[in-house]
Every structure is written in structure tokens, then in C-alpha cells.
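In what follows, a structure is listed as C-alpha cells, so that the remarks can point back to it.
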Amino acid sequence: MSALEDVTDDAPVRPVLSETEGVLGRTYRALSIGIVTVVLLIAFEATAVGTAMPVAARELDGVSLYAFAFSGFFTTSLFGMVLAGQWADRSGPLGPVTAGIGTFAAGLLLAGTAGTMWMFIAGRAVQGLGGGLVIVGLYVVVSRAYPERLRPAIMAAFAASWVVPSIVGPLASGAVTEHLGWRWVFLGIPVLVVLPLALALPEVRRRAGGPPGGAASAAFDRRRIRLALGISLGAGLLQYAAQDLRPLSLLPAAVGIALLVPSVLGLLPRGTYRAARGLPSVVLLRGISAGSFIAAESFVPLMLVTQRGLSPTLAGFSLAAGGGTWALGSWLQSRPRVEPYRERLVAAGMVLVAAAVAVAPSVLIPAVPVWTVAVAWAFGCLGMGLVISSTSVLLLQLSAPEEAGTNSAALQISDGLSNALLLAAGGAAFAALGGGAVGHGVAQGAGGSHPAAFVAVFLPMAAVALVGVWVASRLRVHR
């Protein structure tokens with residue numbers, strides 16, 4: 001049988017590339033633009049929603065549940081990630097990407113029309129499910145459609161797609177929140193769904209459609225699906241217990257741990273939590289870096305609004321430069337000449353992340369200029385650009401084609417689970433030290449009376465980021 005006869009009609013197109021053609025060359029131009037546009041949509045949501053969140057929480061009388069509005073997104077995304085990995089390995093990434101975009105838009109609409117904080121959190125949870133489907137689907141697209149030499153470049157393009165949203169998003173979101181209301185920040189974003197659907201999906205079908213090699217694949221692994229459900233429910237119960245600091249909360253916390261621990265052990269590579277060399281450490285570092293940074297970043301706008309009296313627009317703008325430096329870090333790691341030094345580059349990135357998180361709460365001191373946060377966060381985002389893109393590249397290097405979906409899901413589970421748990425821990429510390437009372441500061445634009453609540457969030461996250469410096473030394477298997 002010839003090679004051509006051995007390929008089914010559903011197999012993706014595998015064009016032969018010249019050694020000099022890049023991700024925007026004729027062969028892959030449409031696909032690259034399409035999937036980067038999908039990331040652009042997610043980026044606009046993340047940057048815009050973060051700016052509107054303090055006002056939304058105040059108007060819905062839910063400042064005490066502020067962290068839950070963020071962590072609810074990551075909780076449901078955990079299930080979406082595992083489902084997407086199974087789905088993509090079985091029949092290709094087109095299905096999870098399409099379903100994810102639609103679910104993501106539905107969650108935005110639900111959050112934008114919410115009448116209570118819990119309904120708002122439910123909308124965020126629906127968004128998380130969609131986001132989990134999309135992000136793993138896109139990783140499989142990169143694994144299937146691009147040769148290894150182009151993967152660092154497309155990962156850098158993903159990071160670069162955050163630049164414009166990170167600059168425009170906070171400003172636009174702050175202006176809309178102040179003049180039209182926070183709901184329009186959510187209700188306006190679904191319009192962006194049309195462009196990714198039109199650009200990305202035809203090329204995803206053509207270049208990365210179908211199972212690996214065009215051959216029929218195994219059915220869904222029901223055990224992994226059950227474990228995914230357990231990890232989401234467990235994380236959700238732990239978050240609920242962390243937000244409701246009463247003796248009765250010990251029961252949902254215990255049930256959450258009982259569900260979470262075996263599920264995590266079954267879904268992540270063996271050796272992840274002892275930082276075994278190679279893939280386990282790559283997966284662990286992703287969680288450490290993303291969780292510590294995102295948990296801290298979620299409280300930056302609230303801190304600036306309630307403690308330093310900034311408007312939502314200015315508070316969001318303090319994070320704007322980070323998009324550019326994040327893209328710069330991702331671009332630096334994509335240079336071929338830095339490949340032999342990737343471990344050192346990632347370790348340096350984690351040092352920058354830890355320093356940024358530790359410096360941010362210094363603005364609680366009135367004598368410290370507010371722009372200190374903007375400078376610190378720019379350096380922190382530079383470090384995140386080095387780390388996040390590098391872990392993505394290393395994961396694909398260490399994954400066989402038929403395992404790309406499962407391993408990508410493990411990477412994203414580590415990311416999302418760490419976000420959810422560290423946000424829950426930070427939210428619990430914030431609430432325990434009277435953070436819920438800062439809602440009056442949001443309303444008045446005046447300084448709050450509980451700066452210690454913010455310190456209890458930022459300094460532990462800086463310590464977690466420092467652990468990542470050590471893990472970064474274990475990313476490669478010594479030969």
C-alpha cells in the first residue's frame with residue numbers, strides 16, 4: 001500500500017515546508033492568524049473583566065466573594081481541559097475549539113445579566129468550561145499542524161496577542177464601567193466570537209482535523225473523565241469552604257480534599273508533586289508560576305481602588321504595560337540561540353515573578369508612589385512570558401503526537417488547579433483579615449482600613465513563586 005493510500009479522507013493536510021518559511025508564510029498564514037485571533041478574544045476578556053470586577057462585586061454586594069469570582073472560572077476549566085484532551089486525541093481539536101468558543105460566549109452573557117453575586121459566579125464558571133476546552137484544543141492544533149521548529153514562534157505569537165488587549169482592555173473596560181456600567185464589559189465581548197469562528201475553524205479542520213494520522217482512535221477514557229469531575233468538584237468545595245470561614249465549613253473542605261487528592265494524582269504525570277525531572281517538573285512549574293502570579297494579580301485592581309483611591313480605569317491601566325513585557329519575554333524564549341539556556345532563562349523568569357509579587361503591596365504605604373505597581377508588574381510579566389511559553393514548548397517536545405492532548409490537558413490542569421487553590425487560599429486569608437469590609441472603599445474611592453488583608457495575599461504568593469526557581473532546574477532529563 002502506498003503512503004497516499006494509507007491516509008484517510010479525514011487526515012489533516014501535512015504540507016512540506018521550506019526551512020526558512022515561518023508561521024506567517026504562505027502555508028500557515030491563515031491558520032496562524034485564525035488561532036491567534038482566538039487567543040486575542042480570551043485576552044480581551046481577561047484584561048477587561050479584571051478591571052470591571054471590583055465595581056461588579058460592590059454592586060452585587062459580593063466583595064467578600066471577590067476571589068470566588070476568579071477561582072470559579074478556573075474550577076470548571078479543569079473539567080473542560082480534561083474533556084478537551086480526550087476529545088482532541090479521539091477526533092481532533094476542531095470539536096473542543098468550536099464548543100469552547102460557544103460556551104465561553106454564553107458564560108459572558110450569563111455574567112453580564114446576573115442579578116446576584118452567585119449568579120455572576122455561575123457565569124464565570126460557564127466561561128471557565130469554555131476556556132478549558134479552547135486552550136487545550138489550541139495546544140493540540142499547534143502540536144498537529146506546526147513542525148517543532150515553528151512551535152516557539154507560534155507560542156510567542158500567542159503571547160504577543162495579549163499586548164493590544166492589555167493596553168486597550170483596561171482603559172476601555174474602565175471607561176465602559178464608569179460611563180455605561182460594568183455589565184457592558186461582559187455583554188460586549190461576545191461580539192468578538194464571530195471573527196475567530198470565521199478565521200480559525202476552516203483552517204483547523206484542514207490542517208489539524210481528525211485523530212492522529214487519520215486513524216480511528218480509542219473511545220473516551222471514562223476514568224479520566226470521572227477524575228476530571230472529581231477535581232472540579234473538589235476544588236469548588238475547597239473554595240466554598242475558604243470563603244465561608246465557619247466550623248461547618250470543615251465538612252465541605254474535607255469532602256473537597258477527599259475528591260481532589262486522588263483525582264490530581266490520577267490526572268497529572270507521575271512524580272509531578274516531587275518535581276521529578278522532565279515532564280513532571282514542566283507540569284509542576286506551570287502551576288507554580290501561573291497560580292502565584294494570577295492569584296496576586298487578581299487583587300491588584302481592588303488594592304489600588306480601595307487603598308489608594310484610584311478609579312477603575314487607572315487601576316486597570318497600572319497592569320497595561322505587562323502585556324508588552326509578557327510578549328517580549330515570550331519572544332526572547334523563541335530565539336533559537338537561547339534554546340541551550342532555557343532552564344536558566346526560566347529560573348530568571350521565576351525570580352522576576354517573585355520580586356514583582358513581593359514589591360506590589362509596598363503601595364499600601366502612602367509614601368510609595370502608585371506607579372511602583374506598574375513597574376513591578378511589567379517586570380513580573382516579562383518573567384511570565386519567559387516561563388509560560390517555555391513550559392508550553394517543553395511539553396510539546398516531551399509529548400508523542402498521540403499524547404499531545406492528554407499532556408496538554410495535564411499542563412493546563414496544573415495551571416488551572418493552582419489558580420483555583422491559590423486564589424481560594426488568598427481569598428480565605430483576605431476574608432479572615434477583614435477584606436470584605438473594603439467594599440466601602442470601592443464605593444467611596446477612598447482608602448480602605450484593612451491593608452493587612454492584602455499583605456496576606458501577596459507575600460505568600462511571592463514565596464510560592466520562589467519555589468519555582470528550584471523547580472526550573474529540573475525541566476530537562478539529564479542524558
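Only one of the numbered conditions (1) outside any loop (DSSP other than H, G, I, E, B); (2) at pLDDT 75 or above; (3) open to solvent by 20 Å² or more (accessible area, probe 1.4 Å) is not met by Asp61, and that is (1). Do you know which residues across region 357-382 are under 22 Å from the mean Cα position of the chain (by Cα) and in contact (Cβ under 8 Å) with a residue 60 or more places away in the chain? The answer is Val357, Ala358, Ala360, Val373, Trp377, Gly380, Cys381. Selection of region 341-363 for residues being at pLDDT 90 or above and either of a type in the set (Val, Ile, Thr) or over 17 Å from Ile288 (Cα atoms) (or both) yields Val346, Val351, Val353, Val357, Val359, Ala360, Pro361, Ser362, Val363. Here Arg124 passes the criteria (1) of a type outside the set (Gly, Ala, Ser); (2) open to solvent by less than 40 Å² (accessible area, probe 1.4 Å); (3) on the phi > 0 side of the Ramachandran plot except the one numbered (3).
Just name the residue that is most open to solvent (accessible area, probe 1.4 Å) out of those in region 328-350 that are out of contact with any Cys (no Cβ under 9 Å at 6 or more places or on another chain) and of a type in the set (A, V, I, L, M, F, W, C).
Step one: of region 328-350, the residues out of contact with any Cys (no Cβ under 9 Å at 6 or more places or on another chain) are 330-350.
So of that shortlist, the ones also of a type in the set (A, V, I, L, M, F, W, C) come out as 331-332, 338, 345-348, 350.
Values: Trp331: 120, Leu332: 64, Val338: 31, Leu345: 45, Val346: 1, Ala347: 23, Ala348: 50, Met350: 0 Å².
Out of the qualifying residues, it is Trp331.
Taking residues in region 253-272 that are touching a residue at least 12 places away in the same chain (Cβ under 8 Å), and partners anywhere that are assigned to a loop (DSSP other than H, G, I, E, B) and open to solvent by less than 10 Å² (accessible area, probe 1.4 Å), the pairs with Cβ atoms closer than 9 Å and at least 6 places apart or on different chains are Pro269/Gly278.
Taking Leu285, is it open to solvent by less than 10 Å² (accessible area, probe 1.4 Å), of a type in the set (A, V, I, L, M, F, W, C) and under 19 Å from Pro460 (Cα atoms)? Against the criterion (open to solvent by less than 10 Å² (accessible area, probe 1.4 Å), of a type in the set (A, V, I, L, M, F, W, C) and under 19 Å from Pro460 (Cα atoms)), Leu285 qualifies.
Of Pro196, Pro202, Pro252, all but one fail to be modelled with pLDDT of 75 or more, open to solvent by less than 30 Å² (accessible area, probe 1.4 Å) and assigned to a helix (DSSP H, G or I); the exception is Pro252. Could you check, for region 87-99, whether at least one of its residues is charged (D, E, K, R), touching a residue at least 12 places away in the same chain (Cβ under 8 Å) and either under 25 Å from Leu395 (Cα atoms) or surrounded by fewer than 24 Cβ atoms within 10 Å (Cβ to Cβ) (or both)? Yes: region 87-99 contains one or more residues that are charged (D, E, K, R), touching a residue at least 12 places away in the same chain (Cβ under 8 Å) and either under 25 Å from Leu395 (Cα atoms) or surrounded by fewer than 24 Cβ atoms within 10 Å (Cβ to Cβ) (or both). Annotation: Thr325 fulfils all but one of (1) assigned to a helix (DSSP H, G or I); (2) of a type in the set (S, T, N, Q); (3) in contact with a Ser or Thr (Cβ under 9 Å, 6 or more places away or on another chain); the unmet one is (3).
The values are calculated or read from the model by the stated rules, or taken from the named source; none is laboratory data. What you see is a predicted model, and the numbers here were worked out from it, not measured in a lab. Virtual Cβ from ideal backbone geometry, glycine too; neighbours counted across all protein chains shown. SASA here: full protein model, heavy atoms, side chains in, ligands and nucleic acids out. Shrake-Rupley method; radii C 1.70, N 1.55, O 1.52, S 1.80 Å.
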